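Chemist: First, the structure itself, so that you have it in front of you.
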């Protein structure tokens, strides 16, 4: 019976740790979701206000890029331990793709 007590305490401590960790993760996801909703409202408001397309398109693309990063980081759990290498290669690939598209668009426009 004496050996059961440390297991119960450890189990209870682990349970409380996991509960706190999941609560924190849920708070981060809800915050990220609220930010994404706010960014979407900004985009809709800009379009509804009738701003110039030369202003709207780059800003909407920037807001979309921010939302992609937030979704990958929080909803695809890239913020968790053990996903650093995957996140590094994924974001590096996105950066190279962005630079490539930017270079090709620059060549075509000028």
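Chemist: Using the count of nearby Cβ atoms within 10 Å as a rough guide to exposure, how do 19, 81 rank from fewest to most?
Modeler: On the way: 19 10, 81 5.
Ranked by crowding around the Cβ, least crowded first: 81, 19.
Chemist: Still on this structure, I have one more. Find the relative contact order for the chain and round it to a whole percent, using C-alpha pairs within less than 8 Å whose residues are 6+ positions apart.
Modeler: On the way: 22 pairs, mean separation 23.5, N = 110.
Answer for the chain is 21 percent.
Chemist: List 11, 32 from most exposed to least, where exposure is judged by having the fewest other Cβ atoms within 10 Å. Intermediate results must be reported in sequence, preceding the final value.
Modeler: Details: 11 10, 32 18.
Ascending number of Cβ neighbours within 10 Å: 11, 32.
Chemist: I would also like to ask the following. When the helices in the chain are scored as -39500 (n - 2.57) per DSSP H run of 4 or longer and the sum is shared across all residues, what 222 nm value do you end up with, to the nearest 500 deg cm²/dmol?
Modeler: On the way: 3 runs with 90 residues, N = 110.
Rounded to the nearest 500, it is -29500 deg cm²/dmol.
Chemist: When N is the residue count of the chain, what does its C-alpha Rg come to as a fraction of 2.2 N^0.38 Å?
Modeler: In units of the globular-protein estimate, the chain measures up at 1.67.
The numbers here are math on the coordinates, done by the rules we state, and not lab data. Source: prediction; values computed, not measured. With ideal geometry, Cβ positions are generated from the backbone for all residues, glycine too; neighbour counts draw on all protein chains shown.
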